[in-house]
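Engineer: This is the structure, below, for whatever I ask next.
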Amino acid sequence: MNPAAFDYVVPRTLPEAVAELVKHGQEAKVLAGGHSLIPLMKLRLSTPSFLVDIGRIGNLSYIREEDGHIAIGALTTHHDIEFSDLLKNKLRLLTSAASQIGDPQVRNRGTIGGAAAHADPNGDFPACLLALDAELKAVGPKGERTIAARDFFVDTFTTSLEPNEILREIRIATPPPGSKGTYLKFSRRSQDWAIVAVAAQVRVTGHEVTQVAIGLTGMGSRPVRASGVEQALRGKPGHDDELRAAAERAVDGTDPQQDLNGSPDYRRHLAQVLTRRALEQITAHH
Amino acid sequence: MAISQMVGASIKRREDPRLVTGTGSYVDDLPQTALVYMHVVRSSEAHARILGIETSRAKEADGVLAILTGKDLKPEFGAPLPVTVCFVPDKKYPNHYPIAIDKVHYVGEPVAIVLASSRAAAEDAGERIEVKYQSLPAVVDIEKAIAAGAPVLHEELGSNLSYDVKFAAGDIEAAFKEADITIKQRLIQQRLIPIAIEPRGVLADYKTFANKLTVWSSTQIPHFVKVWLAVILGISESNVRVVAPEVGGGFGSKIRVYPEEILTALASRRLGRPVKWIEDRNENVKATHHGRDQIWDVEIAAKKDGTVLGIRPTQWLNLGGYCSQFGTFQVLGMLVAQGAYKMKAFDGRAVGVFTNTTPTDAYRGAGRPEATYLIERVMDLVARETGIDPVEVRRKNFVRAEDQPFTTLLGLTYDSGDYTITLDKALAMVDYKALRREQAEKRKQGKYMGIGLCTYIEICGLGPAAPTQAATGVSLWGMSVVNVHFTGKATVIIGSSPHGQGHETTYAQVASDVLGIPVEDIDVQHGDTAIGPMGMDTYGSRSTALDGNAVHISAMKVQEKARKIAAHLLEAAEGDIVYENGKAFVKGTPSKAVTIQEVAVAAFQTSRLPKGMEGGLEATTFFDPTNFVWPFGAHICVVEVDAETGATRILRYVAVDDCGTRINPMVVDGQLHGGIAQGIGQALFEEGVYDEAGQLRTGSLVDYLIPTASDLPSFELAATITPSPVNPLGTKGIGEAGTIASTPAVMNAIVDALEPFGVKDVAMPATPQKLWQLMHRNGGTKR
């Protein structure tokens, strides 16, 4: 179907965009890559009467390192993340996740800011941002504020962004040397949403796990941190049996849902298997 | 005989440049002025009475020209939608009109149409229509629908049972008495949703004062649609023209006369303007018919040595909310369930049931995939029970080359084939013995590899007119016109209506060989009822066996006339003329030849023709062969199932197919690639799911999973060639072979992989969750 009728504006700056959101309140929706919003509108599941297309605002697509942080502009596409040399060297978790989102057409249009703000519980970036303790910078009528990832993802398709705020940038502390990340995703077909996926960032220093952060996709109505796994592993040598035992705790505090692709039991089992595999993969060369 | 050059050549498809550059014209691309757009308001209820339809708010909406309901249109239907005999002459079915009159029977059934000046206006107005329903209990499941107390869809039929018919031959009691082992198994053919990349679409243009109707439709059957539009709308057939422009895939889903073809035509007649409707994907998954949705229960009688004595299959078919036009065609599965094997007795039963779901009809293979799945699973079940290798069980039961032409228990006669040649070739390609050793090694390491076979036969080339008339109610044959023009170029018109098969390329190759006219000088036209006398269209892998051979025969007739003309021009006796590579000459003097181009000029300068000969160089053929054609082949699939996640990975896929003569081997390979992919889709991914209330849970391509290139292995293809004796080219069919063979090959491989877990059958699709559960029931205890 065609979407229901709507008005459309293309602001050139962030303040203009925020002003449009303030003016139109709950009726307005922000359009970035459009790969989530437009299908919903064509199904008439979402019927905003006003679209604020932020796609032509300059300087919102970048990946750079500054002050010990990696900063990613909200309009940076999945494709640009997948092929970023900086991220390949320093934040492979994100390139790994980006390479597994949808298909090339989706990756060419979809943006990391859009994916975060859409907050699909089966989307790939939210669990990564949660695992990486990312900070999300949002601009609103009262200026800019920084939201921690753990506070940002609230529920299915729900974030702590106000209706008149726009996500501007995502900041992630550059992992220390030796820290490695990977995203293991399980889906029926290569292009599908995850049934379960694991975002893992781990650092083994000498014979000690000095950093371990695990985010899970598909294990609840929002991305969750596998804190049980992290506790079990932190400070340990990271032997195989420890990894295996720690991975069992991937189910702690999760509340996975039932759908056509998987029961809660199956999802819990997958979370354990994928967590173990991710840990084994990262620590394989130690 | 002409020297064959083009037949057998993998020349590039002439269709592709326009298709891959987006310059082909599908229905939605056709230029039209003063267009009216039709939007169909569809039932949100699976089973309900329509108490009223409130349209006043919608009528006021911008751009709306008219809103029509079933009650408004009922007087204009000269007949309900057609239902054909298709193997079940005695069946109960309700009248089915293109739009619900007072009751709906599935979600997606049309209840009102909006006609407006733009698509958006029509859709917006559609949102303002309020249909008042009285909900009725729904039933979606075959067994529940025929249980006592089930809600009855069509009260006038008394129950949801449409038919319960037997297909039996031989002494089944004796077979079971003789048996050392008997096996019972239930096999699931889940509901499939055909996903043609181009959904359906119709443009209807009724010219009021001429009383002429032209309909462009994304259909496989323009000739059938023409006849039925004339009947249902009460217009002279000579005033109806149907065109199938570019059609982006069909797979059987565009094989029937659809409601929207009638509704756009009626609307155009009312408004005096062309009316267009283009299906979107969300409509497509509900409004275009579904496939399969059957349960097969089978009892097997076999001997310890692997000999299958007889089978007793029951095919339970979910018809959906109505009986579709070819809704009982799937019962063909019963007739061919004997497969490539000899047996003493067959005791089949087919039961058709109405439920509150989208009607089912043909989907790639239509009955043959179901039959092949049955008999190929039977072979593996017998192998498992007897401990004999599945290859040896097949060899033991094969119809042998010396038995051909072989007549089955139910009376069909195979045309040709030595089934061991494709099997031996496939086994050599995979190095079967080495594979089995590898499997045993891997099992020791906790890796679960499985090897699955399928040695199929299929019936194609529907067909000779007499048996198809008797069995389906329609006489099927092939048609062609070959017309050589003044300048020696030729036009070929065919009665088949391709939608991706490449007939424009391959039939030009056929005519080129006979006439010696360069292939690029031969144009092949199709899909327009105004250009040829009649056609039986494209489905059931029939086109090349019928229309392709009709092209050959027409070209031979033209060659015959060309010889006569050449003899006259050369002042020689016709019997002394040799015709080779587009040149006619007196035997022994090829240097003094007349070319086909010179003959063509003479054919139109009629004073140069022999006395009494009419002008023109043209021939028409209605080709009625002596039998069906029966392709066969052996497919082998190797999988590995991840014991931790249940995920299946296809490691190898080998296919050896014998479809007789291959006119264009590349086109054959293309049909196999797509067909195998679609069959793998059924095995691993696809399942149309309804909830208890009759709502479709797999209503988008997010939930209904079709395989994509990255989910598939590289296919290893090979051929054997056994020309069919029943047509001059020796061709069989290849459009459905891949789908028919691949589903059982993949599933046999998966069941084989899970053998250490005591798994004897897996209900399709083999989802990771399902396999994980099967491997870990009883806490993962191995047998």
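Engineer: Restricting attention to the stretch A:192-222, which residues are within 14 Å of another protein chain (Cβ to nearest Cβ) and either farther than 13 Å from A:Ala97 by Cβ or part of a loop (DSSP other than H, G, I, E, B) (or both)?
Structural biologist: Matches in the stretch A:192-222: A:Asp192, A:Trp193, A:Ala194, A:Ile195, A:Val196, A:Gly218.
Engineer: Residues that are within 30 Å of B:Gln597 (Cα to Cα), at least 1 per element: which strands (runs of 3 or more DSSP E) completely within the stretch B:616-720 meet that?
Structural biologist: Here the list reads B:618-623.
Engineer: Here is a follow-up. Would the stretch B:497-516 turn up any residue that is open to solvent by 30 Å² or more (accessible area, probe 1.4 Å) and out of contact with any helix residue (DSSP H, G or I) (no Cβ under 9 Å at 6 or more places or on another chain)?
Structural biologist: Within the stretch B:497-516, not a single residue is open to solvent by 30 Å² or more (accessible area, probe 1.4 Å) and out of contact with any helix residue (DSSP H, G or I) (no Cβ under 9 Å at 6 or more places or on another chain).
Engineer: Within the stretch B:765-781, can one find any residue that is touching a residue at least 60 places away in the same chain (Cβ under 8 Å), within 14 Å of another protein chain (Cβ to nearest Cβ), β-branched (Val, Ile, Thr) and surrounded by fewer than 22 Cβ atoms within 10 Å (Cβ to Cβ)?
Structural biologist: Within the stretch B:765-781 (the criterion being touching a residue at least 60 places away in the same chain (Cβ under 8 Å), within 14 Å of another protein chain (Cβ to nearest Cβ), β-branched (Val, Ile, Thr) and surrounded by fewer than 22 Cβ atoms within 10 Å (Cβ to Cβ)), the answer is no, since none of the residues qualifies.
Engineer: Right, another one. Any idea which of (1) within 14 Å of chain B (Cβ to nearest Cβ); (2) part of a strand (DSSP E or B) is the one A:Arg189 doesn't satisfy?
Structural biologist: Among (1) within 14 Å of chain B (Cβ to nearest Cβ); (2) part of a strand (DSSP E or B), the lone unmet condition for A:Arg189 is (2).
Engineer: Within 14 Å of another protein chain (Cβ to nearest Cβ), farther than 18 Å from B:Val668 by Cα and touching a Pro at 6+ places or on another chain (Cβ under 6 Å) - does that describe any residue in the stretch B:702-710?
Structural biologist: No, because not a single residue in the stretch B:702-710 is within 14 Å of another protein chain (Cβ to nearest Cβ), farther than 18 Å from B:Val668 by Cα and touching a Pro at 6+ places or on another chain (Cβ under 6 Å).
Engineer: Let me ask you something else. Counting just the residues of the stretch A:9-22 that are part of a loop (DSSP other than H, G, I, E, B) and touching a helix residue (DSSP H, G or I) at 6+ places or on another chain (Cβ under 6 Å), which one comes out farthest from the other protein chains (Cβ to nearest Cβ)?
Structural biologist: The qualifying residue farthest from the other protein chains (Cβ to nearest Cβ) is A:Pro11.
Engineer: Can you pull out every residue in the stretch A:97-128 that is over 24 Å from A:Lys29 (Cα atoms) and open to solvent by less than 20 Å² (accessible area, probe 1.4 Å)?
Structural biologist: Of everything in the stretch A:97-128, those that are over 24 Å from A:Lys29 (Cα atoms) and open to solvent by less than 20 Å² (accessible area, probe 1.4 Å) turn out to be A:Ala97, A:Ala98, A:Cys128.
Engineer: Please work out if B:Ile493 is modelled with pLDDT of 95 or more, open to solvent by 10 Å² or more (accessible area, probe 1.4 Å) and part of a strand (DSSP E or B).
Structural biologist: yes
Engineer: Confirm whether A:Phe6 is open to solvent by 60 Å² or more (accessible area, probe 1.4 Å), among the aromatic types (Phe, Trp, Tyr) and within 14 Å of another protein chain (Cβ to nearest Cβ).
Structural biologist: In short, yes.
Engineer: If you scan the stretch B:158-182, which residues turn out to be among the aliphatic types (A, V, I, L, M), open to solvent by less than 50 Å² (accessible area, probe 1.4 Å) and within 30 Å of the chain's Cα centre (by Cα)?
Structural biologist: B:Val165, B:Ala169
Engineer: Determine which member of the set B:Ile721, B:Ile734 is open to solvent by less than 30 Å² (accessible area, probe 1.4 Å), under 30 Å from B:Phe623 (Cα atoms) and among the aliphatic types (A, V, I, L, M).
Structural biologist: From the options B:Ile721, B:Ile734, the qualifying one is B:Ile734.
Engineer: Mind checking which residues of the stretch B:710-735 are under 28 Å from A:Asp103 (Cβ atoms) and under 21 Å from the mean Cα position of the chain (by Cα)?
Structural biologist: B:Gly735, the sole residue that qualifies.
Engineer: If you don't mind, there's one more thing I want to ask. Here are the criteria: (1) within 20 Å of A:Leu93 (Cβ to Cβ); (2) within 14 Å of chain B (Cβ to nearest Cβ); (3) at pLDDT 95 or above. Tell me which single one A:Glu248 does not satisfy.
Structural biologist: Exception for A:Glu248: condition (1).
Engineer: Could you please find all residues in the stretch A:23-38 being open to solvent by less than 80 Å² (accessible area, probe 1.4 Å), within 27 Å of the chain's Cα centre (by Cα) and either more than 14 Å from chain B (Cβ to nearest Cβ) or among the polar types (S, T, N, Q) (or both)?
Structural biologist: Within the stretch A:23-38, A:Gly25, A:Ala28, A:Val30, A:Leu31, A:Ala32, A:Gly33, A:Gly34, A:Ser36, A:Leu37 meet the criteria.
Engineer: While we're on this one: Restricting the first residue to the stretch B:103-120 and requiring it to be within 16 Å of B:Val275 (Cβ to Cβ), which pairs with a second residue that is buried (at least 24 other Cβ atoms within 10 Å of the Cβ) and among the basic types (Lys, Arg) meet a Cβ separation below 8 Å and a spacing of at least six or different chains?
Structural biologist: Note: no pairs meet the criteria.
Engineer: Determine whether B:Ile663 is open to solvent by less than 20 Å² (accessible area, probe 1.4 Å) and in contact with a strand residue (DSSP E or B) (Cβ under 6 Å, 6 or more places away or on another chain).
Structural biologist: no
Engineer: Can you find a residue that is touching a strand residue (DSSP E or B) at 6+ places or on another chain (Cβ under 7 Å), open to solvent by less than 60 Å² (accessible area, probe 1.4 Å) and within 14 Å of chain B (Cβ to nearest Cβ) anywhere in the stretch A:49-63?
Structural biologist: Yes: the stretch A:49-63 contains one or more residues that are touching a strand residue (DSSP E or B) at 6+ places or on another chain (Cβ under 7 Å), open to solvent by less than 60 Å² (accessible area, probe 1.4 Å) and within 14 Å of chain B (Cβ to nearest Cβ).
Engineer: When you check B:Leu30 against the structure, is it within 17 Å of B:Arg269 (Cα to Cα), open to solvent by 20 Å² or more (accessible area, probe 1.4 Å) and either at pLDDT 95 or above or assigned by TED's automatic domain parsing to the domain that holds B:Leu266 (or both), yes or no?
Structural biologist: So B:Leu30 does not fit the description; no.
Engineer: If a residue has to be among the hydroxyl-bearing types (Ser, Thr, Tyr) and open to solvent by less than 70 Å² (accessible area, probe 1.4 Å) to count, how many in the stretch B:567-613 make the cut?
Structural biologist: 3
Engineer: Counting just the residues of the stretch A:252-269 that are closer than 14 Å to A:Trp193 by Cβ and not polar (S, T, N, Q), which one comes out farthest from the other protein chains (Cβ to nearest Cβ)?
Structural biologist: Only one residue fits best here, namely A:Pro256.
Engineer: Here are the criteria: (1) under 25 Å from A:Ile101 (Cβ atoms); (2) touching a Gly at 6+ places or on another chain (Cβ under 8 Å); (3) not assigned by TED's automatic domain parsing to the domain that holds A:Leu167; (4) not basic (Lys, Arg). Tell me which single one A:Val18 does not satisfy.
Structural biologist: For A:Val18, the failing item is (1).
Engineer: Can you tell me how many residues within the stretch A:157-212 are farther than 22 Å from A:Ala71 by Cβ, open to solvent by 50 Å² or more (accessible area, probe 1.4 Å) and touching a Pro at 6+ places or on another chain (Cβ under 7 Å)?
Structural biologist: Matching residues across the stretch A:157-212 total 2.
Engineer: Determine, yes or no, whether B:Gly699 is in contact with a strand residue (DSSP E or B) (Cβ under 9 Å, 6 or more places away or on another chain), more than 19 Å from B:Tyr539 (Cα to Cα) and within 14 Å of chain A (Cβ to nearest Cβ).
Structural biologist: Criteria not met by B:Gly699.
Engineer: Sort through B:Thr372, B:Thr355 and tell me the only one that's out of contact with any Lys or Arg (no Cβ under 9 Å at 6 or more places or on another chain), of a type in the set (S, T, N, Q) and surrounded by 24 or more Cβ atoms within 10 Å (Cβ to Cβ).
Structural biologist: On inspection, the qualifying residue turns out to be B:Thr372.
Engineer: Also, I was wondering about something else. Filter the stretch B:639-689 down to the residues that are among the hydroxyl-bearing types (Ser, Thr, Tyr) and within 14 Å of another protein chain (Cβ to nearest Cβ), then identify the one that is nearest to B:Ala9 (Cα to Cα).
Structural biologist: If we take residues in the stretch B:639-689 being among the hydroxyl-bearing types (Ser, Thr, Tyr) and within 14 Å of another protein chain (Cβ to nearest Cβ), then B:Thr648 is nearest to B:Ala9 (Cα to Cα).
Engineer: Condition check: loosely packed, with under 15 Cβ neighbours inside 10 Å and out of contact with any helix residue (DSSP H, G or I) (no Cβ under 8 Å at 6 or more places or on another chain). Does B:Ala401 satisfy that?
Structural biologist: no
The values are calculated or read from the model by the stated rules, or taken from the named source; none is laboratory data. Note that the structure is predicted; figures quoted are calculated from it, not measured. Every residue, glycine among them, receives a Cβ derived from its backbone with ideal geometry; neighbour counts consider all protein chains shown. For the accessible areas, the whole protein counts, side chains as well, though only heavy atoms, and no ligand, DNA or RNA atoms are used. Shrake-Rupley method; radii C 1.70, N 1.55, O 1.52, S 1.80 Å.
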